[in-house]
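K.L.:
Dumping the structure here so I can ask a few things about it.
The values are calculated or read from the model by the stated rules, or taken from the named source; none is laboratory data. A quick note: this is a predicted structure, and the numbers were derived from the prediction, not measured. With ideal geometry, Cβ positions are generated from the backbone for all residues, glycine too; neighbour counts draw on all protein chains shown. Each accessible area value is taken on the protein alone, full model and side chains, heavy atoms only, with ligands, DNA and RNA left out. Shrake-Rupley method; radii C 1.70, N 1.55, O 1.52, S 1.80 Å.
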Amino acid sequence: QVQLVESGGGWVQAGGSLRLSCAASGLTSSNYAMAWFRQAPGKEREFVAGIARNYGWTYYADSVKGRFTISRDNAKNTAYLQMNSLKVEDTAVYYCASRYGGGYRVASEYDYWGQGTQVTVSS
């Protein structure tokens with residue numbers, strides 16, 4: 001049974017940083033693309049960042065490019081999202097997602113999801 005567990009969310013002032021972690025179990029992470037999505041109140045879930053299975057190819061939403069960095073450690077079955085220069089508009093529940101094979105920017109393409117972790121950025 002595949003399970004994704006996020007951690008690292010919290011409250012931070014604008015301009016600050018947070019690092020999210022996503023620990024995966026029940027899968028061999030080197031076979032799975034990983035991604036982060038977020039959902040703010042009253043809004044649809046949106047793609048934030050993704051990372052390919054093996055060679056570390058990464059891709060980002062324009063809104064976070066240059067501020068967020070996604071990475072992974074396949075030996076630990078863990079993905080990370082380093083978030084710098086946080087803005088109030090980054091406030092959302094952040095979800096880790098995984099799918100076998102290649103990565104996509106569309107939430108419906110992902111098979112496995114974590115429970116989410118709240119990130120709150122205050123001005």
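K.L.:
I'd like the full set of residues that are in contact with an Asp or Glu (Cβ under 9 Å, 6 or more places away or on another chain) and assigned to a strand (DSSP E or B), limited to the range 97-117.
P.N.:
97, 98, 99, 100, 117, listed by residue number.
K.L.:
Write out, first by first residue and then by second, each pair whose Cβ atoms fall under 8 Å of each other, whose residues are 6+ apart or on separate chains, and whose first residue, in the range 86-98, is touching a residue at least 24 places away in the same chain (Cβ under 8 Å) while the second is assigned to a helix (DSSP H, G or I).
P.N.:
Note: pairs meeting the criteria are 97/107; 98/29.
K.L.:
So residue 111 fits all but one of (1) surrounded by 14 or more Cβ atoms within 10 Å (Cβ to Cβ); (2) farther than 27 Å from residue 12 by Cα; what number is the exception?
P.N.:
Only one criterion in (1) surrounded by 14 or more Cβ atoms within 10 Å (Cβ to Cβ); (2) farther than 27 Å from residue 12 by Cα is unmet by residue 111, namely (1).
K.L.:
Give the range 83-99 a look and list any residue that's farther than 11 Å from residue 48 by Cβ and surrounded by 14 or more Cβ atoms within 10 Å (Cβ to Cβ), or say none.
P.N.:
Restricting attention to the range 83-99, the residues satisfying the condition of being farther than 11 Å from residue 48 by Cβ are 84-89, 91, 93, 98-99.
Passing the criteria: 84, 86, 87, 91, 93, 98, 99.
K.L.:
Could you check the range 65-82 and list, in sequence order, the residues that are surrounded by fewer than 16 Cβ atoms within 10 Å (Cβ to Cβ) and either touching an Asp or Glu at 6+ places or on another chain (Cβ under 9 Å) or closer than 24 Å to residue 17 by Cβ (or both)? It would help to see each step written out before you state the result.
P.N.:
Taking the range 65-82 as the starting set, the residues that turn out to be surrounded by fewer than 16 Cβ atoms within 10 Å (Cβ to Cβ) are 65-67, 71, 73, 75-76, 82.
Of everything in the range 65-82, those that are surrounded by fewer than 16 Cβ atoms within 10 Å (Cβ to Cβ) and either touching an Asp or Glu at 6+ places or on another chain (Cβ under 9 Å) or closer than 24 Å to residue 17 by Cβ (or both) turn out to be 65, 66, 67, 71, 73, 76, 82.
K.L.:
Then there is this: Residue by residue through the range 79-106, note down the ones that are farther than 23 Å from residue 122 by Cα and more than 11 Å from the chain's Cα centre (by Cα).
P.N.:
Across the range 79-106, the qualifying residues are 99, 100, 101, 102, 103, 104, 105, 106.
K.L.:
Pairs, please: C-beta under 6 Å, at least 6 apart or cross-chain, first residue touching a residue at least 12 places away in the same chain (Cβ under 8 Å) and in the range 36-54, second open to solvent by 60 Å² or more (accessible area, probe 1.4 Å) and in a loop (DSSP other than H, G, I, E, B)?
P.N.:
Correct list of pairs: 37/45; 39/45; 47/105.
K.L.:
Mind checking which strands (runs of 3 or more DSSP E) fall wholly inside the range 4-57 and carry at least 2 residues that are open to solvent by less than 20 Å² (accessible area, probe 1.4 Å)? Even if it seems obvious, please write down each step before you answer.
P.N.:
On the way: elements: 10-13, 18-25, 32-39, 46-51.
Qualifying strands (runs of 3 or more DSSP E): 18-25, 32-39, 46-51.
K.L.:
Residues being out of contact with any helix residue (DSSP H, G or I) (no Cβ under 8 Å at 6 or more places or on another chain), of a type outside the set (D, E, K, R) and in a loop (DSSP other than H, G, I, E, B): count how many of those fall in the range 64-96.
P.N.:
Qualifying residue count for the region: 6.
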